[in-house]
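Computed from the coordinates by the stated procedures, all read-outs in this text should not be read as laboratory data. Since the structure is predicted, the reported quantities are computational estimates derived from the model, not experimental observations. Reconstructed Cβ throughout: ideal geometry from the backbone, glycine too, with neighbour counts over all protein chains shown.
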Amino acid sequence: MVVFTLVNSFVNAAGGHLIKSKHRSRSGQQYIVNQRHSRRQVAVNELSIGMFVAELDIPWEESPFLFQGFLLESQEDIQVVQDSCEYVYIDVVEEEWVADHGHAPAAAPRSRTRYVEKQDMAQQLSQANRTYQAAKKQVKQLLASAQMGQALDSQQAQEVVKDCVDRVMGNPNAMLWLTRLKGQDEYTAEHSVNVCLLAISLGRLLDLAPYELENLGMCGLMHDLGKMKVPPEILNKPGPLEPEEFREMARHTVYGKQLLMSRADIYPGAIDVAYSHHERLDGKGYPRGIDSHKISRFTRIVTIVDAYDAMTSDRCYKPGMSSVEALRIINRNLGTQFDADIARTFISMIGLYPPGYLLEMTNGEVGIILSSNPGFQLKPKVIMILDAAKEPQPERILNLAYSPVDDFGQPYQPQNVYRSGCFGINVGDYVHRGLRIKGFEYSLSEPEQA
Ligand SMILES: [Fe+2]
């Protein structure tokens, strides 16, 4: 019988994580095992199946990989890494086995290095989701305070936004996934968090510094705070607004400005964004109809992501449109409603095949899009869910970058993108269920403890 007893675990001076444990072999021999978990740079021609790639030598968004950190499971995986990078960092465990003879001198230790075989995508989504839920909780408190005329706790909001920035910097795709899992309830809270996250993600691509991303995130989080001063019967009206109702709704910008101005410690840019995020470059926006040169860069960013998230969200009176439709509308209004350069960056960030959306192939099969990265946008990675008759089929990963063919030898080709909910597929259900597919594990539940 083999016994493994954890004796001690600490971070060693070299930065690697050191774990001491006791091990007894079948023959009864006792060992002390020192395990050092560390990260090592490896040239891509030295990669082998089973290695866990933790970092690349290029930014993740320029790679064809959806998640930061993945296990090399096949020669194909290795090939993709070799095509994209020169070297990568892999997680390794170095083990030193020392015979435990009590006080007697120990024999020479036996050493070995093994690669960490782990899947931490589930953990990454789980962490991303914790941040998302914390942000949502914080926004709900802010909205409730605004509604009841109480003081706003901007300090806590700032901490949540800082966490959002860290997560977006660490794994932008995991955070973007979460903005797609829209619920119909709690629209204003989820919309505020989504605008915060989308603005941070976009700001990151616009090369803003981390402190600027935090300020921008605050602007996104607070942009619609004034809606809490709009009477609920207008805010939640299931149908088009009458002219007077629209005028009241439009006042949420003024209410937002007033609410935020009552705080001395609020980032001043957030006041401007709350006041101006419905202005347009052609001067036809509201509430003031100001000229484009008076519209700040942060306002331009929030205006675009706000419009996108609003258009793609289900409301009680109308279902949201697909991502592609929303991007088309943004594209049609470049220079008049939206800043052209910023909007183009946004369109390339979301991509034609955004993760979390459904993709119908020309042969009728349907899957959930897993990846869309710059440079690989036209060939996403998909989990196939439904067959040509829209009946469930065994789930499997299809990477269009490898030009796969169907049972009839025809190449898989994307036809249409649909929102979650079409074909009876709720993407959120799959993610919450902890979808398990060879090579991928998606789960928003707590990761299992080893
Ligand atoms: Fe708004």
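Things worth noting here:
- Computed over the range 206-293: relative contact order in percent, which uses C-alpha pairs under 8 Å that are six or more apart: 29
- Too-long pairs where the Cα-Cα distance tops 19 Å, listed order kept, from 162/381; 136/381; 137/162; 136/162; 257/294; 227/257: 162/381; 136/381
- Note on residue 288/residue 211: beta-carbon distance plugged into 1/(1 + (r/R0)^6) with R0 of 35 Å gives a FRET efficiency of 0.75.
- Packing here is the average count of other Cβ atoms within 10 Å per residue, and on that basis the peptides 409-421, 80-92, highest first, run 80-92, 409-421.
- Applying 0.36 nm per residue to the separation of residue 395 and residue 250 and subtracting their alpha-carbon distance, the gain on full extension is 47.6 nm.
- Label-point gap, in nm, between residue 96 and residue 55 - each point 7 angstrom along Cα→Cβ: 2.4
- Excluding same-chain neighbours fewer than eight residues apart, the lysines reachable from residue 379 by a Cα-Cα span under 29 Å are 118, 182, 390, 438.
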